[in-house]
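Here is the structure we will look at, set down as structure tokens.
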Amino acid sequence: MKKWIMVTLSASVLAACQSTPEQTAAEQHPRNASEQPAKTAKQTPDVIISSAGADASAPTPPVVVAEIPPQEESDIWQRIRRQLTMEIPENARIKAQRDFYLKHPAYMERIAKRAAPFMHLIVDEIERRELPLELALLPIVESAFDPFAYSHGSAAGIWQFIPGTARQYGLDINWWYDGRRDVYASTHAALDYLTDLNGRFDNWLHALAAYNSGGGRVSSAIRRNQKAGKPTDFWSLDLPRETRAYVPKLLALVDMLENYEDYQVSWLPIDNMPYLHVVETNSQIDLALAAEKSGMALEQLHHYNSGYNRWATDPDGPHRLLLPDENAQQLKDWLVSAEAKDLVRWTRHKVKSGESLSVIAKRYHTTAQAIQQANSIRGHLIRAGDYLLIPAASQNASDYVLAADQRLNATQQRQRQGKKVDHTIVSGDTLWDISRKYKVNLRELAKWNGIAPSDPLRLGQTLVVWLEGEQAKSTGVTRSIRYRVRSGDSLARIAQRFNVTIREIEQWNKIKRSSYLQPGQQLKLIVDVTRIDGSGT
């Protein structure tokens, strides 16, 4: 809703302005939603001069009505709304998406609450680059503004970057940090990417389609239509089903915001002012310590800084936190007198015989590289009896509830229907094979374990499988055991005894079926311990 500043120049003119002006046709006969034509950029004058009701023979000073700039709106949705420029055709694909949003107001309210801390910094950056403000609504389509969103295609964060594109646009992904979930960094990267795509196609709808399905796929669709003599606008292209719905989702949201009064949809107000402020720490900092020194809850701080995978920021950077104004200032005040050694807790560890950097790192929830850096170690050689300084978390691992390990644990422990079975990854395992073994849906299996179907699996990694019906009745508890080979044993006989396959035994033990088994030899087997023969152990 537009706000006006009235400047009164004389009492007589004020009286004249109080008379009712003639209504426009649009005011007399407002269109319903289905009759609205394609939308075009708003051409609202900055200044309107009116002398309604004045005596034509006696010139009077005019009344100047100045419209405030969009940046001064109190609600950021209105700031966006007043700068929308994309044309919105009325077609079935947009209508279907709009109907979905209109039927789920609670969903839209949840999205607005998630967007509230981040929207101002996104809108500011879009305006600074002079890009379409419609792009501020794109994270609604991509992730519903969930910083921890992770899709079946290995895309992460509010802008849903896949790893390859993320690294191409400068977003690092490592054990400590995932730039795809860093709202500050990923917003800059996403706008860089969208700018490049629009430069390639010189068409924002094509650019948006390419953001979803890839520039090569959109280019191929355009070439096919050109060769066939068909139109090459977005609506005429043969694109994947997801992409054909993707652009209409955004345009439906644009239409709903631009004409929110017609659709009687309420956009939960978001204050048009900076909510989060950047604090540079200049070195690695324990997130729990940062929360304590800034006067806020650890989980809330980690939510605003969701790019950090562990209990601290990445030793190699970025050394940046996003915090609300009051908390940001409090942390800055403490950092003035703090030194780098004060930002993480240090533990003195005496190396024991048989320990390696990786073993020590796992114990302290850090990396071998971090220990190397802290102790100026170039290689991996350490000696028993040596002392190492280890950067360590100041609180228990379970206190960092938004760290990657804790989020995975929460996902795997979430109660679902059926019976839970643990499966330990062995050499040769794939998610597809596991889904077939347990007769479960591949995507469901990935979802239960917080991964994508295409994600690589690690030896020793534990996956949870939820079984229902006959599968749940016939499947017990899976465990890794050691079996001592007896005289007369063969792989086929062992496989039959433990209800596994010869191929699995080969994979678990890195042997071939032609190998000769020696009595006393130990084999690793992963079996249902509730069903093994009593003679098998």
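The values are calculated or read from the model by the stated rules, or taken from the named source; none is laboratory data. Bear in mind that the values here come from a model prediction, so they are computed numbers and not experimental data. No Cβ is skipped: glycine too gets one built from the backbone with ideal geometry, and neighbour counts run over all protein chains shown. All accessible areas refer to the heavy atoms of the entire protein, side chains included, with ligands and DNA or RNA removed. Shrake-Rupley method; radii C 1.70, N 1.55, O 1.52, S 1.80 Å.
Output the residues belonging to region 370-388 that are touching a residue at least 40 places away in the same chain (Cβ under 8 Å) and either farther than 23 Å from Ala290 by Cα or loosely packed, with under 14 Cβ neighbours inside 10 Å (or both). Working first, answer last.
Of all residues in region 370-388, those touching a residue at least 40 places away in the same chain (Cβ under 8 Å) come to 370, 373, 388.
Leu388, the sole residue that qualifies.
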| request: Evaluate the following for Thr530: is it at pLDDT below 80, open to solvent by 50 Å² or more (accessible area, probe 1.4 Å) and of a type outside the set (Gly, Ala, Ser)? | output: yes
| field | Subset of region 87-101 (residues that are within 14 Å of Ile140 (Cα to Cα) and either surrounded by 15 or more Cβ atoms within 10 Å (Cβ to Cβ) or at pLDDT below 95 (or both)) | value | Gln97, Arg98, Tyr101
| query | Going through region 495-510 one residue at a time, which ones are out of contact with any Lys or Arg (no Cβ under 8 Å at 6 or more places or on another chain) and in a loop (DSSP other than H, G, I, E, B)? | reply | Val500, Thr501, Lys510
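In region 206-242, which residues are aromatic (Phe, Trp, Tyr) and open to solvent by less than 40 Å² (accessible area, probe 1.4 Å)? Working first, answer last.
In the first step, residues of region 206-242 are kept if they are aromatic (Phe, Trp, Tyr); the result is 211, 234-235.
Matches in region 206-242: Tyr211, Phe234.
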| message | Looking at region 477-489 only, could you name the residues that are surrounded by 14 or more Cβ atoms within 10 Å (Cβ to Cβ) and within 14 Å of Gly520 (Cβ to Cβ)? | response | Tyr483, Val485, Asp489
| Regarding Val47, is this residue at pLDDT below 70, open to solvent by less than 40 Å² (accessible area, probe 1.4 Å) and over 25 Å from Gln264 (Cβ atoms)? | no
| task | Taking only region 404-461 into account, find how many residues are under 18 Å from the mean Cα position of the chain (by Cα) and assigned to a loop (DSSP other than H, G, I, E, B). | result | 7
| task | Hey, can you tell me all the residues within region 376-402 that are at pLDDT 90 or above and part of a helix (DSSP H, G or I)? | result | Asp399
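Identify all residues within region 287-328 that are of a type in the set (A, V, I, L, M, F, W, C) and without any contact (Cβ under 8 Å) to a residue 12 or more places away in the chain; write none if there are none.
Restricting attention to region 287-328, the residues satisfying the condition of being of a type in the set (A, V, I, L, M, F, W, C) are 287-291, 296-298, 301, 311-312, 321-323, 328.
Result: Ala291, Ala297.
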| query | Could you list, in sequence order, the residues of region 133-157 that are hydrophobic (A, V, I, L, M, F, W, C) and either part of a loop (DSSP other than H, G, I, E, B) or farther than 30 Å from Pro70 by Cα (or both)? | reply | Ala144, Phe145, Phe148, Ala149, Ala155, Ala156
| field | Scope region 314-355; condition among the small types (Gly, Ala, Ser), at pLDDT 90 or above, surrounded by fewer than 16 Cβ atoms within 10 Å (Cβ to Cβ) and under 27 Å from Asp178 (Cβ atoms); matching residues | value | Gly317
| query | If Ala492 passes every condition in (1) among the hydrophobic types (A, V, I, L, M, F, W, C); (2) at pLDDT 80 or above; (3) open to solvent by less than 50 Å² (accessible area, probe 1.4 Å) but one, which one does it miss? | reply | (3)
